[in-house]
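Report on the structure given below.
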Amino acid sequence: MAFSENSQFNAQLGPQPPQAASTPEPTTPGAEDFLASAQFGAAPSVPPIQPPVENPVWNGWDVLAITALALISMLVSQFAVLLAAKWFVYPHTSLADVAQKPIVLLVSQFLLYIVVAAFMIVLVEGKYRVPFWQAVRWNWPRSAWKLLALGFVLLLSLSALQSLLPMPKETPFEHLFDRPRDAYLLSLIAVTLGPLMEELFFRGFMYPVLARRMGVVWGVVLTALPFGLIHLPQYGWAWSAGLVVFLVGVVCGAVRAATKSVGASFLVHVGYNGTQMIFAIVATHGFRHMENTTILH
């Protein structure tokens, strides 16, 4: 039952002379309830809890399931494509030499992308009944050229950093560019499917789960860390190369957090990779002298 402080004293001390009605002073919403509860010993009302910075429909177990599927699919696809290439395309070539052919890597990578992308879509739209692109916050930005330009500036900045670090002279990844035809095909993937799948997983699925639980800063950092680690084998496990890729992940994650758009981080990634590929084409005269450049993507 709600009653005022004056009525409480009236009941205890007897009749009181009538008081002139007065206009109550304005108070902020909720202040009256708080003061009343403080006077009578009741617990003050708790202000509403702020919603999390990210609230994906999936959880950390779903992210782990995608990771496990990707690892298993990578092993299975590489082995299956390798055997198929050996039996049907290169029957007179040793298995070890077939494994070094870029086309084998490209086909297995493409199959991996199909499996992982299909699982992501089924997970979101089948299990959680939410449109996929809406759930991952694709949100294609209006200022696409600005984000591509940010990728360009990022490459220039990290190139200056690379000049101060002990970068590897030769990496396994660069040998995939030994033949111009393979190099151009790999360059196409580096500005299309590669950044698309990486951004969908790291900034689309992993980041919002981490940010919801640990905050934006840790979400960005802990997403960029595995992003850098998965590229280490391509660069002979050189920590300096991993650091550069980690910083690329930090910037892409920061863009994703600021814009709440995976499409925005994808454009930064494309701008970084695309600028690097253009510089590599020019520096190597159409991928004919790969000793003139180092490729990190």
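Quick rundown of the values:
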quantity: In Hz, Karplus ³J(HN,Hα) per residue of region 234-244 (6.51, -1.76, 1.60; θ = phi - 60°; x = Gly, Pro); calculated: 5, 10, x, 6, 6, 5, 5, 5, x, 5, 4
quantity: Qualifying lysines (Cα of each under 26 Å from Cα of Lys169; at least 8 residues distant if same chain); calculated: Lys101
quantity: Residues of type lysines that Lys260 reaches as a straight line, Cα spacing below 28 Å, ignoring anything fewer than 8 places off in the same chain; calculated: Lys127, Lys146
quantity: Backbone HN-Hα couplings from phi across region 208-224 [Karplus 6.51/-1.76/1.60, Hz, Gly and Pro as x]; calculated: x, 5, 5, 5, 5, 8, 10, x, 5, 4, 5, x, 5, 5, 6, 7, 6
quantity: Overall form of region 60-292 per C-alpha gyration tensor (a/c, 1.5; a/b vs b/c); calculated: oblate
quantity: Order of His175, His285, His92 - criterion: other Cβ atoms within 10 Å of each residue's Cβ, fewest first; calculated: His92, His285, His175
quantity: Local electrostatic count at His92 - Lys and Arg +1, Asp and Glu -1, tallied over other residues with Cβ under 14 Å; calculated: +1
quantity: Phi to ³J(HN,Hα) by Karplus 6.51 cos²θ - 1.76 cosθ + 1.60 over region 104-116, Hz, x for Gly, Pro; calculated: 5, 5, 5, 5, 5, 5, 5, 5, 4, 4, 4, 5, 5
quantity: Separation between Cα centres of region 205-255 and region 142-169, rounded to whole Å; calculated: 16 Å
quantity: Potential lengthening between Ser159 and Leu232 on full extension [0.36 nm per residue; Cα-Cα distance subtracted]; calculated: 24.5 nm
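Readers should treat all values here as calculations from the given coordinates under stated rules, not as data from a laboratory. As the structure is a computational prediction, the values presented were derived from the model and not from experiment. Methodologically, a virtual Cβ is constructed for each residue, glycine included, from the backbone with ideal geometry; neighbour enumeration extends over all protein chains shown.
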